[in-house]
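Notes for the one structure printed next.
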Amino acid sequence: MDSIYPTEAHIKLKTEPDFKHIFYILQVVGSTVKDTLEANITGDLLIIKGLEPCNQYTISLQSDCFSGKTSGYGEEINISTNGCEDCTGLDYCDRIKSKSSLEWLDALQIGVKKFYSGNNLGYGNFIGSSATWTLTKGQGYDIIFSPGFSSDSSEMNYSAWIDFNHDAVFDSTENVVNPDSISNTEFSQYFTVPQSSMTGVTRMRVVSKYASFQQGHPNPCNQLLEFGEYEDYCIYIDETRCEKIRDVSTASVGDHFIEWRINAALPVKYLFHEKGKAEFTEGFIQSNIFKIENLHECTEYILETKPECQLAPGWIREKAKTTGQNCITSTKIPSHPMKLKFIHQQ
């Protein structure tokens, strides 16, 4: 590994003279989503951009040679991006470790991303790990607490704080879950990220506290002996709202072209390749109708898209097959490289 930055990684490579392309599989640790991308090679460096600060990734490499040989994917490379300083480097208050043998915080979900933490013996320290969320200024989210119990379920107090101004203090204005919240089942509350929040990585603290026969609601610091659990996480506050792609569908196909309809805020980043081939073409879609010509007939192609502003992996994949008179019986294999012509229509 040569250099690691908050949003990119530089990996030093030793390549054979015959190599043509290098592809890599990128995956966030703990996620099931994988992206396959063509490597950006500068000199002897593989440069991977578009990573999230303070996150963990695995990368596997594959080479494609001019001789036609293709290597298998190698061993996984682990990468931890920088940018955790305002979460890991600041001096946040301590909190007395709870007793969690009977009840604990089993899982936490913000938006659609859920992390199962299990019983951490009173304190779960997940700062600098892949258990992180990206939140956007001005946007609202549901935060969902899922309790765990060794036997009978109990009433639990839930609360959460996010240090929006990065001052290492969990202020009352940063309390995003009402500390009087009580439930013995899954509990959900909606909160909005203030527009005044500082951009970047910061600390979030969540608490699940046994509520029966205990006085006082949970606070973020220096609480006396109690039953339950608290956990610390790193949260990334983003400046710009990134709209998801609403839909990608095949509009029309011919012997040598495919036309897609893109229902999304533009521009949209894309990857395009023939099914079963390692060679990718990438670029940006600037209109809601995207047409690719000069394709082979009777051939299946794959278009992958994601918003330009989206840093994390998570491509939408759409398949389409060109037509032709001899699609059923033809076994012809093209002997020349595929040349693509891209046409953007409004």
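At a glance:
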read-out: Considering residues of the stretch 185-216 that are touching a strand residue (DSSP E or B) at 6+ places or on another chain (Cβ under 6 Å) and surrounded by fewer than 16 Cβ atoms within 10 Å (Cβ to Cβ) only, the residue nearest to Met156 (Cα to Cα); value: Glu186
read-out: Whichever residue in the stretch 138-155 is more than 13 Å from Thr185 (Cβ to Cβ) and among the polar types (S, T, N, Q) and, among such residues, is nearest to the chain's Cα centre (by Cα); value: Gln139
read-out: Condition met for Cys298 (outside the structural domain of Ala160 (by TED's automatic domain parsing) and in contact (Cβ under 8 Å) with a residue 12 or more places away in the chain); value: yes
read-out: Any strands (runs of 3 or more DSSP E) falling wholly within the stretch 1-108 and containing at least 2 residues that are modelled with pLDDT of 75 or more; value: 8-12, 19-28, 34-38, 45-49, 56-65, 77-80
read-out: Search result, residues across the stretch 117-155 that are modelled with pLDDT under 90 and among the aliphatic types (A, V, I, L, M); value: Ile127, Ala131
read-out: Residue in the stretch 210-224 that is in contact with a helix residue (DSSP H, G or I) (Cβ under 8 Å, 6 or more places away or on another chain), among the hydrophobic types (A, V, I, L, M, F, W, C) and over 18 Å from Lys114 (Cβ atoms) present; value: no
read-out: Strands (runs of 3 or more DSSP E) enclosed by the stretch 114-156 - at least 3 residues per element that are surrounded by fewer than 19 Cβ atoms within 10 Å (Cβ to Cβ) and not acidic (Asp, Glu); value: 140-149
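Condition check ((1) touching a Cys at 6+ places or on another chain (Cβ under 6 Å); (2) at pLDDT 85 or above; (3) exposed (fewer than 14 other Cβ atoms within 10 Å of the Cβ)) across all residues:
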site	(1), (2), (3)
Leu303	no, yes, no
Pro307	yes, yes, no
Ala312	no, no, no
Glu318	no, yes, no
Ser330	yes, no, yes
Pro337	no, no, yes
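The values are calculated or read from the model by the stated rules, or taken from the named source; none is laboratory data. This one's a predicted model, so the numbers in the text were calculated from it and none came from an experiment. All Cβ positions, even for glycine, are placed from backbone atoms using ideal geometry, and neighbour counts span all protein chains on display.
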